[in-house]
Amino acid sequence: MAAHESPELIKLYNAYTPGPDSIGAKLTRATAARGREDPLIVATSNDFALYPGGGRPPTVEGFRIETRGFKELSAISHLGPAVASLVSIRTLLGDGSWQADAERLLTEVGTTRATNSPKLWQETIAVEAYRGREDAIADMIDYSCAITARYLRRALADENYLTPESLRDDYLAGVDADLPVPLNHVMIATFFLVEMDICHRLVRWFCGQDIEWDRAMVMIAGRHGRPTAGVTWNTSTVATILLAASGYRLPLERMYVAPHAPTFPTPSDGDLTEVIAVGERLRAIWFRIRATVELGPLMFDGYPRYTPGHVQIPDVTDIGISEVGEMPAIHSPDDMRAMVTRLRVILEDPRQLVSGCVTDYAVSQLIAVDNDPSRVVVPGLDGVAYPASL
């Protein structure tokens, strides 16, 4: 005990707060005993685990890095930021150090264009949710590589061309005969395709689990994306997917975002040893939080209660709107102003997950058509003719 501490007051502190025999610990155990049969759903950055309760073994469903097509489409999504980064490097350093990376990117774009084909998407990558769209995806990727290569070659020939203005006008945003589809629209399409596949599989998986959603305990554990991102329910893509998968029956008050909670690695060859090992710790954390939450009405009945409400969603239909504090509403698959605004928001708002640009829109469209990807309109892809002559 430190010299400045009072032994008597420290004993009083210990009576409630720390230690397995404290009043707080006993309250947690009592709360946990009441919910030992309740299902616990844990989301890490790569997997969902369902612990059914009652000692039954968990089941796991992966949803991101190791899923088919994720890295391939992300490679196309990253073309815009990659080229923009070259512009920024030149602006910041004022020398030719960007050129080696531009040459490397040009080489990789050329290799990708030579490899890309409908057959690749149909037979090798073979994503169920993309079935019937493989030709269109291959055309979009070919076009994206072509306009990227064209821009890089021009910049390498004349470094004064590599400016924010040419980046936006000739590559990202301009629409003319030389750029019939801006790369911004491609980025929306690739983000949407990835999230549509993830949402489709997860909604199907959760629908097959027979979960009593009003009793479900949810914990979004560990880091998701960049260190500052996804730490509230309205900035977490997995929270968005879970709410939709539950048919919006999951009470928000039973979902906790816990970036410091322990996680488990993606199971290898079906080995759930580490998933099982961390399960009781995660359940204990959930109940520890729940126990203190439930003290609120007991102690402060008659005062306004906390209700996790919906944030105010901005509408950027008015072209006079120049600032937003949240992701704007998307009104249709053609609402590119809202979707491209979201591309800007996910970069500038550290709370946002970069991959979550259109997750809420993708999953809501799937739910509206009984989780059938073929009936969803993919913005930036469906109904868009990507020219092959560039």
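The values are calculated or read from the model by the stated rules, or taken from the named source; none is laboratory data. Keep in mind that this is a model prediction, so the values were computed, not measured. Ideal geometry is used to build each Cβ from the backbone, glycine not excepted, and the neighbour counts take in all protein chains shown. Just the protein is used for accessible areas: all its heavy atoms, side chains included, with ligands, DNA and RNA removed. Shrake-Rupley method; radii C 1.70, N 1.55, O 1.52, S 1.80 Å.
Which of the residues spanning region 76-121 are touching a helix residue (DSSP H, G or I) at 6+ places or on another chain (Cβ under 7 Å), under 21 Å from Leu172 (Cβ atoms) and of a type in the set (Gly, Ala, Ser)? Within region 76-121, Ser77, Gly80, Ala82, Ala84, Ala102, Gly110 meet the criteria. Of all the numbered requirements in (1) touching a strand residue (DSSP E or B) at 6+ places or on another chain (Cβ under 9 Å); (2) in a loop (DSSP other than H, G, I, E, B), Ala229 misses one, and that requirement is (1).
Residue-wise test of (1) touching a residue at least 24 places away in the same chain (Cβ under 8 Å); (2) surrounded by 14 or more Cβ atoms within 10 Å (Cβ to Cβ).
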site	(1), (2)
Ile89	no, yes
Leu105	yes, yes
Lys119	no, no
Thr124	no, no
Met140	yes, yes
Ser144	yes, yes
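Filtered by the rule that a residue be touching a Lys or Arg at 6+ places or on another chain (Cβ under 7 Å), surrounded by fewer than 17 Cβ atoms within 10 Å (Cβ to Cβ) and farther than 20 Å from Thr28 by Cα, region 233-279 gives a lone residue, Pro259.
A single entry from Leu27, Leu105, Leu40, Leu93 fulfils the requirement of being among the hydrophobic types (A, V, I, L, M, F, W, C) and closer than 30 Å to Ile141 by Cα: Leu105.
Pairs linking a residue in region 280-301 that is closer than 15 Å to Gly24 by Cα and touching a residue at least 12 places away in the same chain (Cβ under 8 Å) to a residue that is part of a helix (DSSP H, G or I) and not acidic (Asp, Glu), with Cβ atoms under 6 Å and 6 or more positions apart or on different chains, are Phe287/Thr28; Phe287/Thr31; Phe287/Ala32; Arg288/Thr28; Arg290/Thr31; Ala291/Leu27; Ala291/Thr28; Ala291/Thr31. Residues in region 135-189 that are over 19 Å from Thr112 (Cβ atoms) and among the aromatic types (Phe, Trp, Tyr): Tyr161 only.
Does region 178-191 contain any residue that is charged (D, E, K, R), under 25 Å from Ala338 (Cα atoms) and open to solvent by 30 Å² or more (accessible area, probe 1.4 Å)? The answer is yes; a qualifying residue exists.
Scan Pro304, Pro297, Pro308 and give me the residue that is under 24 Å from Met217 (Cβ atoms) and open to solvent by 40 Å² or more (accessible area, probe 1.4 Å). Break it down stepwise before answering.
Working: Pro304 fails: under 24 Å from Met217 (Cβ atoms); Pro308 fails: open to solvent by 40 Å² or more (accessible area, probe 1.4 Å).
Sole residue among the options that is under 24 Å from Met217 (Cβ atoms) and open to solvent by 40 Å² or more (accessible area, probe 1.4 Å): Pro297.
Residues of region 1-44 that are in a helix (DSSP H, G or I) and within 26 Å of Arg215 (Cα to Cα): Ile23, Gly24, Ala25, Lys26, Leu27, Thr28, Arg29, Ala30, Thr31, Ala32, Ala33, Arg34.
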